[in-house]
Amino acid sequence: MEKSDDIFSLLYLSEGTVPFSQEDLRALLTQSRENNSKLGITGMLLFKGGNFLQVLEGNKEAVLTLYEKIAQDSRHARITTLFQGFSSHRDFPDWSMGFHDLSAPDTIGIPGFSHFLRTSLTTADFVDAKQAKRLLLLFKEEKLLGSSHCAVQGRK
């Protein structure tokens, strides 16, 4: 059983250097969920227009090692850490990696679509890390999209 002071959280933005098709995203998520589950890492990933917003949470060493691997991945550029530090709890305890593609054409037509989703997921949109974290949590709580369009959870 992990203690609450063992939960390390890291929130970052990155720009994709190559186009990601739906198939590419599915493959990335499948591999990430398998790896994260083995490492005890949970989190949420949002994708839009080639940009990623992701929070990783778990043991500090495991999270930082994974983040370094992501930073070295040639498919990512302009990686910006928005927040890193210890948390009293996991925000995504049951999710090996929640995900939602904000680029999906049907997203804007969903009842309850928020102007918050019009963000381009760049550093210009998230000067304040709290705003980025809030966006991720809204998907977890299914407050931005109806339940039929909620994040693909990848539950553990």
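The values are calculated or read from the model by the stated rules, or taken from the named source; none is laboratory data. Everything quoted here is computed from the prediction, not taken from an experiment. Glycine gets a Cβ as well: all are built from the backbone with ideal geometry, and neighbour counts include every protein chain shown.
Summary of computed values
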| read-out | value |
| --- | --- |
| Qualifying residue in segment 61-76 (condition: within 14 Å of residue 8 (Cα to Cα) and at pLDDT below 95) | no |
| Every residue from segment 16-62 that is of a type outside the set (Gly, Ala, Ser), under 21 Å from residue 81 (Cα atoms) and part of a loop (DSSP other than H, G, I, E, B) | 17, 18, 41, 59 |
| Filter result (within 17 Å of residue 16 (Cα to Cα) and surrounded by 15 or more Cβ atoms within 10 Å (Cβ to Cβ)) within segment 45-65 | 45, 46, 47, 48, 50, 51, 52, 53, 54, 55 |
| Conditions (1) farther than 13 Å from residue 92 by Cα; (2) in a helix (DSSP H, G or I); (3) of a type outside the set (Gly, Ala, Ser); (4) modelled with pLDDT of 85 or more; number of the one not met by residue 5 | (4) |
| Matching entry among 28, 13, 53 (being touching a strand residue (DSSP E or B) at 6+ places or on another chain (Cβ under 9 Å), of a type in the set (A, V, I, L, M) and without any contact (Cβ under 8 Å) to a residue 12 or more places away in the chain) | 28 |
| Matching option when the condition is β-branched (Val, Ile, Thr) and either surrounded by fewer than 13 Cβ atoms within 10 Å (Cβ to Cβ) or at pLDDT below 90 (or both), among 30, 42 | 30 |
| Cross-chain or 6+ apart pairs with Cβ under 8 Å, segment 74-91 first and farther than 16 Å from residue 20 by Cβ and assigned to a loop (DSSP other than H, G, I, E, B), then small (Gly, Ala, Ser) and at pLDDT 90 or above | 90/58; 91/9 |
